[in-house]
Amino acid sequence: KKALISSIEPRETGYRVAQVEPVENVFGVAEDLFWVDCADDVVADQFWYDPQDQTIKPLPLPPEVTIQAAEDQPTIGGAETL
């Protein structure tokens, strides 16, 4: 497989993986884009290209958000005077 790297779209300390294609589907690209070999599990926009060591790395997962259950929320009875 090949990953299309966009050098004008920063990700982490490198560049965006814009597209992933089988080798036979690779096509010519503008000068700000280039193709690199990649592993079969690479997915566009879930990985980034590190130009320092010329490898493709997964983007870090966003922090997990916890939502407090409605029954844990404080309740107010009646009107509140300010």
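The values are calculated or read from the model by the stated rules, or taken from the named source; none is laboratory data. Small disclaimer: the values here were computed from a predicted structure and weren't measured. No Cβ is skipped: glycine too gets one built from the backbone with ideal geometry, and neighbour counts run over all protein chains shown. When the accessible area is computed, the model is the full protein with side chains, heavy atoms only, and any ligands, DNA or RNA have been set aside. Shrake-Rupley method; radii C 1.70, N 1.55, O 1.52, S 1.80 Å.
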> Around Thr55, what is the net charge, scoring Lys/Arg as +1 and Asp/Glu as -1 over all other residues with Cβ under 14 Å from its Cβ?
Replying inline: -3
>> Could you give each residue of region 51-60 its phi-based ³J(HN,Hα) in whole Hz, using Karplus coefficients 6.51, -1.76, 1.60 with θ = phi - 60°, and x for Gly or Pro?
In response: x, 5, 10, 6, 10, 9, 10, x, 5, x
> In 10 Å bins starting at 0, how do the alpha-carbon pair distances of region 1-45 split up by percent?
Replying inline: 31, 57, 12
> Between Ala44 and Val65, what is the label-to-label distance in nm when each label sits 7 Å out along the Cα-to-Cβ direction?
Replying inline: 2.6
> Once the piece of chain linking Val36 and Glu9 is laid out straight, how much longer is it, given 0.36 nm per residue of separation minus the C-alpha distance between them?
Replying inline: 8.1 nm
>> I'd like the chymotrypsin sites (Phe, Trp or Tyr not before Pro) in region 1-56 restricted to DSSP loop residues with at most 10 other Cβ atoms within 10 Å, sorted by number.
In response: Phe27
> Which loop-located GluC sites (Glu not before Pro) does region 6-38 contain, where loop means any DSSP state but H, G, I, E or B and the Cβ has at most 14 other Cβ atoms within 10 Å?
Replying inline: Glu12, Glu31
> Roughly how many Å² of Val23 are accessible to a 1.4 Å probe, to the nearest 10?
Replying inline: 80
